[in-house]
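Notes follow once the structure below has been shown.
Just so it is clear, none of the values below were taken in a lab; they were calculated from the coordinates. The structure displayed is predicted, hence computed values, not measured ones. FYI the Cβ positions are ideal-geometry reconstructions off the backbone, even for glycines, and counts take in every protein chain you see.
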Amino acid sequence: MTNHDPDAALLAKAETLTEALPYLQRYAGKTFVVKYGGHAMGDPERQRDFAEDMVLLKAVGINPVVVHGGGPQIGAMLKRLGVESQFVNGLRVTDRETAQIAEMVLAGSINKEIVSWISAAGGRAVGISGKDAGLVIAEKIQGREADPLKGIERHVDLGFVGEPVAVDPRLIESLCADGIIPVIAPVAIGLDGHTYNINADTMAGAIAARLGASRFFLLTDVAGVLDKQGELMTDLNPARIAELRSDGTISGGMIPKLETCVNAVEAGVDAAVILDGRVPHGMLLEIFTKQGAGTLVRR
Ligand SMILES: Nc1ncnc2c1ncn2[C@@H]1O[C@H](COP(=O)(O)OP(=O)(O)O)[C@@H](O)[C@H]1O
Ligand SMILES: CC(=O)N[C@@H](CCC(=O)OP(=O)(O)O)C(=O)O
């Protein structure tokens, strides 16, 4: 090696940057909605990685919009307060007290924590919930559950569990235009004036659809959607997802996750990606390199 030969490791770094160039050009000015699940919020190092990724996206001209969950954190708080909680098809049955606690955890502690991480990474973030500036209007969900005895679905009352029926994107758009990363908690006011707890995947999907996002990322605690053998399925479409649901391959929290992906891509989002949020910078590799990560859902 002469003095003029670059170090191989440095060269590889430069190559990574040039490999990113077409993606940087393609995505500049586009909006990416990132759903940050409660299970994906690992230790402080992972939290810092996530915040750095958001700040990096913003720095290269992409508009990240974060919608976060916090299911495990709500569960821990309910347990501390001695309140029982149960899920039906991945949705938490939410009575009035649970709705208050969910709002406290989601729009209070978690929302502000994420804002602090982004701030520590050098970005500017504003933490809001679906309640702010009429961002999301919710409607009560009619819950359904399989009746194992009769082999049919029956209605269940999920309480104050809502789904978005209207999204007013103006607040998000003005924050993005001002160089700010919006961080959104999945709580909204219903048409009836009550506070509704909304599954964070559903909330994020509705926002991604309304914003016409280029990409919708769902960061969770699995590599993506796994088949019955536990192997990663890298590409899915709505028809295949319907099959996976009916043959029982997907269950629990993966049900609302895939439903929301289908709704988002059918509403015009280019692609949704479910990936492991605990893998350091996995989202950056997915966006800026040829290497894919997780499960890509397209029409
Ligand atoms: N086929 C499947 N592939 C991957 N995960 C699945 C599947 N079926 C059910 N799951 C469950 O879905 C979970 C992800 O949903 P959830 O717990 O709601 O995550 P998050 O809190 O990130 O939204 C996984 O950890 C796994 O337990
Ligand atoms: C109705 C409903 O189930 N709401 C969720 C909201 C939080 C959430 O979805 O958080 P994750 O993304 O971390 O699962 C809940 O109460 O747990």
Note to self: Relative contact order for the stretch 29-297: what percent, with Cα pairs under 8 Å and sequence separation of 6 or more?
What the structure shows: 24
Item checked: Of the GluC sites (Glu not before Pro) in the stretch 1-52, those whose Cβ has at most 11 other Cβ within 10 Å and which sit in DSSP loop -> none
Notebook entry, point to check: Which cross-chain or sequence-distant (5 or more) residues have an amide H under 5 Å from the amide H of Val222, H modelled 1.01 Å from N in plane?
Noted result: Gly277
Check: In terms of Cα to Cα distance under 29 Å, which lysines are near enough to Lys140, apart from those fewer than 8 places away along the same chain?
Finding: Lys35, Lys79, Lys112, Lys131, Lys150, Lys257
Note to self: Mean-square fluctuation check for the chain, GNM, Cα pairs under 10 Å: which of Gly70, Gly42, Gly162 is largest?
What the structure shows: Gly42
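Over the stretch 167-222, what is the relative contact order in whole percent, taking alpha-carbon pairs under 8 Å and six or more residues apart?
Working: 30 pairs, mean separation 16.0, N = 56.
Relative contact order for the stretch 167-222 comes out at 29 percent.
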Checklist line | Residues with amide H under 5 Å from that of Gly70, placed H, sequence gap 5 or more | finding: Gly38
Checklist line | Highest-MSF residue in the chain out of Lys35, Lys13, Lys257 [GNM, Cα springs under 10 Å] | finding: Lys13
Notebook entry, point to check: What's the local net charge at Thr234, with K and R +1, D and E -1, over the other residues with C-beta under 14 Å away?
Noted result: -2
Next item on the list: Rank Asn197, Asn237, Asn111 by mean-square fluctuation in a GNM of the chain with C-alpha springs under 10 angstrom and give only the top-ranked residue.
Entry: Asn237
Next item on the list: Kindly list the residues of the stretch 271-294 that lie in the label zone of Asp235, defined by a backbone N under 17 Å from the point 7 Å along the Cα-to-C-beta vector.
Entry: 271-274, 290-294
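Can you give the calculated 222 nm mean residue ellipticity of the chain, where each DSSP H run of n ≥ 4 adds -39,500 (n - 2.57) and the sum is split over every residue, rounded to the nearest 500 deg cm²/dmol?
Working: 10 runs with 113 residues, N = 299.
Rounded to the nearest 500, the figure is -11500 deg cm²/dmol.
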Item checked: Over the chain - Rg/Rh using Cα atoms and the Kirkwood inverse-distance radius -> 0.99
